[in-house]
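Remarks on the structure that follows.
Derivation of every value follows stated rules applied to the coordinates shown; laboratory data play no part. The shown structure was predicted, so the numbers you read here are calculated from the model rather than taken from an experiment. No Cβ is skipped: glycine too gets one built from the backbone with ideal geometry, and neighbour counts run over all protein chains shown.
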Amino acid sequence: MTAAHHLTADDVVKALALPERARVDQRVPKKMLAEHGAPTATDRRLLTDGIEELQWIAALKPGTVAIPEHRADGHEYLEVAVLSVQVRATHGKASQWLRLAELVHRAVPYPVLLIQTLVPSATATPDDGPPRPPAQLALSLAHKRAAQNEVGKVVLDGELVLSELLGPGPSAASVGGPLLEAMALDRQPHQDLMALYQGWMDCFTAAEAARVTGNFRLPDGTTAAAAQREALRACQRLEQEAARLRSQAAKERQIAKQVDLNLELQRLDARLRAARAQL
């Protein structure tokens, strides 16, 4: 696998090892995205001005990957789309980067694996601040379900999950290669398309856990994957709480309260170590 700091969208597509019959390789007009995925005028401008190009890479469905569709409990996974979007350097700010990913997922009625890259530019910078740190390649997923109040409409089911393959810290370099190797199509569950998609979700969870532990470990089975997800959430909650307590302790002037806060931090650190051990 290519070193993570040299990874490209083409490397991701190659690592997925998709069958040729699943390839589409067609450009998607931005106008289509703006019509279907932009609830506000601001979002429409973001799609129109922020996207350089959107490519439909592949369509994964029973006839192209020999994996059955899934229909149950408001979820219809009849097809999984693999898309690649190039974001202009003028729109590389973190909030724009994340919102663009969400809008693309919302615009497509099928579950999407989105490959997102930032177009390099020596001169362009966002109007409202410095450019985003060099997280120039990311993958994102979002489960979908039928809308409860609108027949025929599909909405996101849970939060968008995004994993950076290029980032400002060393963790992206250590995670990118193992993550892509784990995401190969033939390594995913094949009972149906929702199971395939969840397999990719579990790869993302393993990658986020590896950013904490330094060791990429793919869980063995759905129970282990759920446990890893819960341990990761616990780590994130505890880290946020620890940061809040450290900030509070730094501002505290009364010695007795400082002691109490430091004791609470020690207990929290012990819980955090225990949660990390479950990753």
Burial order of peptide ranges 106-114, 246-254 (average beta-carbon count within 10 Å, highest first): 106-114, 246-254
Net lengthening on full extension, Arg267/Asn149 (0.36 nm per residue, minus Cα-Cα): 37.9 nm
The chain, helix-only ellipticity at 222 nm - DSSP H runs n ≥ 4, -39,500 (n - 2.57), divided by all residues, nearest 500: -15500 deg cm²/dmol
Per-q log10 I(q)/I(0), the range 1-118, q = 0.11, 0.23 Å⁻¹ (Debye; single scatterer per alpha-carbon; no solvent): -0.40, -1.31
Stretch gain in nm, segment Arg45-Ala184, where the contour uses 0.36 nm per residue and the Cα spacing is subtracted: 46.6 nm
Ascending count of other beta-carbon atoms within 10 Å, so fewest first, for Lys144, Lys31, Lys93: Lys31, Lys93, Lys144
Top of Thr117, Thr223, Thr48 by mean-square fluctuation, Gaussian network on the chain, Cα under 10 Å: Thr223
Per-q log10 I(q)/I(0), the range 4-218, q = 0.12, 0.17 Å⁻¹ (Debye; single scatterer per alpha-carbon; no solvent): -0.62, -1.26
Neighbour-count order for Leu100, Leu118, fewest beta carbons within 10 angstrom listed first: Leu118, Leu100
Net charge dipole size for the chain [Lys, Arg +1 and Asp, Glu -1 on Cβ; Debye, nearest 20]: 640
Alpha-carbon centroids, the range 191-253 and the range 52-81: separation in whole Å: 27
Dipole of the chain, positive end: most advanced residue of Val13, Ser247, Leu156 [Cβ charges, Cα centre]: Ser247
Among the listed pairs Lys14/Lys61; Lys31/Lys153; Lys30/Lys61, those beyond 21 Å (Cα-Cα): Lys30/Lys61
Fewest-first sequence of Val80, Val28 by Cβ atoms within 10 Å of each Cβ: Val28, Val80
Positive-end residue of Val212, Gln188, Leu139, charge dipole of the chain with Cβ unit charges: Val212
Angle between the chain longest axis and helix 41-50 axis [Cα atoms, degrees, rounded to 10]: 80
Within the range 17-38, backbone nitrogen closer than 18 Å to the virtual label 7 Å beyond the Cα of Leu156 toward Cβ: 33-38
Stokes-Einstein D for the range 220-279, Kirkwood Rh over Cα pairs, 4 °C, 1.567 mPa s (µm²/s): 103
